Amino acid sequence: MSPPRSADRLPADFLAQLAERLPAERYTQDPAELLEYGRDWTRVYAPAPSLLVRPRTTAEVAQLLSLCSAHRVAVVPSGGRTGLAGGAMATAGEVVLSLARLDRLGPVDELGLTVRVQAGAVLAEVHRHCAEHGLTWPVDLGAKGSCQVGGNIATNAGGVKVIRYGLTRQWVLGLQVVTAAGEVLELNGALEKNNTGCDLRQLFIGSEGTLGVITEATLKLVRLPAQLHVLLLALPDLQAVLALFARLRRGPLPIMAFELFTAACLDRVLAHRGLRPPLAAPASSRPPGVTGTTGTCYVLCELERPTGMPVEVLHDLFGELLIADGDGGHGLALDGVLAQSAREAAELWALREGISETLARTGMPHKNDVALPIAALAPFCAELEQFFAARYPGWELFIFGHIGDGNLHINVMKPAALSEAEFRARTRTVDNELFALVKAHHGSISAEHGIGLLKRDYLHYSRSPAELLLLQALKRTLDPHNILNPGKVIEL
Ligand code: FAD
């Protein structure tokens, strides 16, 4: 298939016809805006879009896509640009289609527990809107102040509440999608049940803007949880973390979040933010230099206390978890703290949510986001750490993530001695070795960030040749001229 024509080589009649279809204030070629809208959170590629279009209606999105299809012009759908896989990067003169102005929030349906919103609505705004009715859309991630519902759906976002509620795809009832040809599809409406053949809605969820542009969605809501309690625990190693997880799962309080970070992560956040350690240092279990999963690990855990359950149940549980509890304790945790107020809970959460930002501000991290079966986590991490120690001595490793979902964020920092170019080149070799290990443990090379540009060339570690052929066939069917986010996820 010939590559789609990029917008910097647009025929004059493309821009002339665009001017006939959309008001002039809907698009710009201002260099500063092109730079801003041509990139996401990855800092690996140089943005180089030719045109930024910000439609206000679905009809305008359809007009734009039918024009781009007719002229074979590549389009990059763009949400809050918080993606970590390069999915919203425009690197080759594409048209950036920003959904930011389609941000209307419809009325909350308290009977059906749904709300219809436009794709450009910011996640935190959706939460605020629904909270007024005691409800929430239970998709929750650190980027909620900027990411958009359309981006969440296009990436099938995960986040900190997956352990309780599952992934984004479980919370989308209906979708409005504009196809590459500019046709508007209404998929599933607000139906909970609709057994009429293949569920086309699910095709677009997680397709990272390569199959269609999401313009509206009917979201499924839940009641806001009752009382939430946040605990931070220090444990001797990853094995103990997993034992704690098993124990809490059997307990009376539903787990809302179960997050892991190693001592290396915590030390870095504390140093960067000038904070005091939240717990007494459990030095005995932390030999010098051991900052991986074989040394002290921290768990940030959020539990829901159902209405009517006395707080003593929580206090008893917390006491039981500590090895050195007043009664002599047989727990698993070396130390722990239970937040006593919303402010303390937010401070504990900030330690976990500050890791990505701290790493980005204190060096150059190379990021991976892998998933493993829970049972494979400990052997995988042990092999991973041995691998880095043997093959890449001196490379700092930071492991954290949504451990209750088997999701590890593996970050390695650029050693000072390597140039940026050398580091990038070497991380390609590292990734091949890392993903071979992930595959050997029956895991996935992308747990929640998606594939985008960043992981495209490694997709074969997680998808069989037959699956890759099917994915290509789907792309050709839905986007025959390859104008939608070409080169992302899969190459034709
Ligand atoms: P963008 O980055 O703008 O786009 C992402 C992809 O979706 C691109 O391929 C784009 O082309 C496509 N797209 C965007 N909008 C549309 C649309 N309307 N129609 C079709 N395609 C579209 N992710 C997680 O899963 N879990 C986390 O816990 C998490 N934590 C994060 C924390 C931080 C601090 C940051 C910066 C990111 C985090 N992310 C996380 C990644 C990111 O926030 C999510 O992937 C998010 O869902 C992306 O939404 P966005 O609106 O920013 O999308």
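The values are calculated or read from the model by the stated rules, or taken from the named source; none is laboratory data. If you're wondering where the values come from, they're calculated on a predicted model, not measured in any experiment. Cβ sites come from the backbone with ideal geometry, for glycine too, and all protein chains shown count toward neighbours. Areas reflect the complete protein model, heavy atoms only, side chains present, ligands, DNA and RNA absent. Shrake-Rupley method; radii C 1.70, N 1.55, O 1.52, S 1.80 Å.
Suppose we filter Leu242, Leu221 for residues that are farther than 30 Å from Leu65 by Cα, under 22 Å from the mean Cα position of the chain (by Cα) and not β-branched (Val, Ile, Thr); which single one remains?
Leu221
For the condition at pLDDT below 95 and either within 30 Å of Arg54 (Cα to Cα) or open to solvent by 40 Å² or more (accessible area, probe 1.4 Å) (or both), what is the one hit in Pro138, Pro252?
That would be Pro252, the only listed residue that is at pLDDT below 95 and either within 30 Å of Arg54 (Cα to Cα) or open to solvent by 40 Å² or more (accessible area, probe 1.4 Å) (or both).
Pick from region 147-163 the residues that are closer than 14 Å to Gly80 by Cα and near the ligand (Cβ under 6 Å from one of its atoms): which of them is most open to solvent (accessible area, probe 1.4 Å)?
Thr155
Hey, among Leu334, Leu338, Leu275, Leu279, which residue is more than 16 Å from the ligand (Cβ to nearest atom), surrounded by 13 or more Cβ atoms within 10 Å (Cβ to Cβ), at pLDDT 95 or above and more than 22 Å from the chain's Cα centre (by Cα)?
Exactly one residue qualifies, and that residue is Leu338.
Given Leu437, Leu474, which one is in a helix (DSSP H, G or I) and in contact (Cβ under 8 Å) with a residue 60 or more places away in the chain?
The conditions single out Leu474.
Under the condition of being hydroxyl-bearing (Ser, Thr, Tyr) and within 14 Å of the ligand (Cβ to nearest atom), which residue from region 56-84 is nearest to Gly145 (Cα to Cα)?
Among those residues, the one meeting the criterion is Thr82.
I need the helices (runs of 4 or more DSSP H) fully contained in region 342-416, keeping only those with at least 3 residues that are under 21 Å from the mean Cα position of the chain (by Cα).
In region 342-416, the matching helices (runs of 4 or more DSSP H) lie at 342-353, 355-361.
Can you pull out the residues in region 16-34 that are surrounded by 14 or more Cβ atoms within 10 Å (Cβ to Cβ) and either modelled with pLDDT under 95 or assigned to a helix (DSSP H, G or I) (or both)?
Gln17, Leu18, Arg21, Arg26, Glu33, Leu34, listed by residue number.
Would you check if there is a residue in region 109-120 being open to solvent by 30 Å² or more (accessible area, probe 1.4 Å), on the phi > 0 side of the Ramachandran plot and either at pLDDT 95 or above or not in a strand (DSSP E or B) (or both)?
yes
If I go through region 45-55 residue by residue, how many of them are open to solvent by 20 Å² or more (accessible area, probe 1.4 Å) and either away from the ligand (no atom under 14 Å from the Cβ) or not in a loop (DSSP other than H, G, I, E, B) (or both)?
Counting residues in region 45-55 that are open to solvent by 20 Å² or more (accessible area, probe 1.4 Å) and either away from the ligand (no atom under 14 Å from the Cβ) or not in a loop (DSSP other than H, G, I, E, B) (or both) gives 2.
Given the conditions (1) at pLDDT 95 or above; (2) more than 16 Å from the ligand (Cβ to nearest atom); (3) open to solvent by 30 Å² or more (accessible area, probe 1.4 Å), report the number of the one that Val412 does not fulfil.
The failed condition is (3).
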